1. Of these, 189, 136, which one is at pLDDT below 95 and either at negative phi or of a type outside the set (Ser, Thr, Tyr) (or both)?
2. Please find, within the stretch 38-52, the residue that is surrounded by the fewest Cβ atoms within 10 Å (Cβ to Cβ) out of those that are in contact with a Gly (Cβ under 9 Å, 6 or more places away or on another chain) and not hydrophobic (A, V, I, L, M, F, W, C).
3. Working only within the stretch 170-209, note down all residues that are surrounded by fewer than 24 Cβ atoms within 10 Å (Cβ to Cβ), touching a residue at least 40 places away in the same chain (Cβ under 8 Å) and under 27 Å from residue 128 (Cβ atoms).
4. Just to verify a result, which residue in the stretch 1-24, among those that are in contact (Cβ under 8 Å) with a residue 60 or more places away in the chain and either among the acidic types (Asp, Glu) or surrounded by fewer than 23 Cβ atoms within 10 Å (Cβ to Cβ) (or both), is nearest to residue 240 (Cα to Cα)?
5. Scan the stretch 34-49 residue by residue and report those that are touching a residue at least 60 places away in the same chain (Cβ under 8 Å) and of a type in the set (Gly, Ala, Ser).
6. If you scan the stretch 135-145, which residues turn out to be buried (at least 17 other Cβ atoms within 10 Å of the Cβ) and closer than 16 Å to residue 97 by Cα?
7. Using beta carbons and a limit of 7 Å, which pairs, at least six apart or on different chains, have the first residue in the stretch 109-130 and part of a helix (DSSP H, G or I) and the second one surrounded by 15 or more Cβ atoms within 10 Å (Cβ to Cβ)?
8. Of the residues that sit in the stretch 83-97 and are touching a helix residue (DSSP H, G or I) at 6+ places or on another chain (Cβ under 9 Å) and in a loop (DSSP other than H, G, I, E, B), which one is nearest to residue 10 (Cα to Cα)?
Amino acid sequence: MKVAAVQFAPVWGNKAGNLVRLNALIDQAIEKGAELIVLPELAATGYSFLSILEASEVGECLTNENATDLPHYLYRSLHRKNAAVVAGLVEIDGVTSKLYNSQVYVEPTKDGGGWVRETYRKVNRWGNDFIWAEAGSANPPIVHSERFGKRIGLLICRDVRDKSSEIKNFYSKGEADIVCFSSNWGVGGFPAVSWMEFAEDNQVTLIVSNRYMKERHNDFGHGGICIISPEGKVNLEGLVFDQDCIVYGDA
């Protein structure tokens, strides 16, 4: 299965423009044969919200039956007929109106007649998350993909710790084949040791999508994306620091 990790820096306050750029990167990856494409945490909006109001203004309710028809929804942009796409976004709970730093997975069904959709809410919050986002409370879901014949898991940034105070382990060894990791990693060593440890401990291919560049009070550095094998081998062919780019690999 050919997979793709996307590096992308959203322009703060320009969700519409960010969606145009993200769509172009998704299409580029599909043209190169990618069947699974992973975008960063909070891909279309940026990370540095300073209030609940700021986040809610660009949030998306995934239970909205018309979500795929709303042009300003990142969720709408992920629906492709020949590839699964994963991305991070501000999720508005349709019942409680609470906000979550979430990740959504969209895959066309094997017969092409519908969609497989799954959502994960970040558990281990960091930085600005504490200002606006509720903490998730459940293990990451694993999609048993009939179309691709793979077990595909989700994960957001600091959750690569693979645990929380309430959950001993997010994943168990051999439970998934691939984990889609959407991050806004920030300045630090690349590749991060925790990424390799996660891939090796859980015997999964880890697709690391990330952003770059300063944003308000946060510094996300030069970026850095890669695809890590279950043996801890790092593939970063195609990575260009400080700009939008895509790394491809097999899983």
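The values are calculated or read from the model by the stated rules, or taken from the named source; none is laboratory data. Please read all numbers here as calculations on a predicted model, not as lab measurements. Cβ placement follows ideal geometry from the backbone for every residue including glycine, while neighbour counts extend to all protein chains displayed.
1. Just one listed residue meets the conditions, 189.
2. 48
3. 191
4. Top of the filtered list is 9.
5. 34, 43, 46, 48
6. We begin by selecting, within the stretch 135-145, every residue buried (at least 17 other Cβ atoms within 10 Å of the Cβ); these are 136, 139-140, 142-143, 145.
Passing the criteria: only 136.
7. Partner pairs satisfying both residue conditions: 129/101; 129/122.
8. Checked the stretch 83-97; the qualifying residue nearest to residue 10 (Cα to Cα) is 83.
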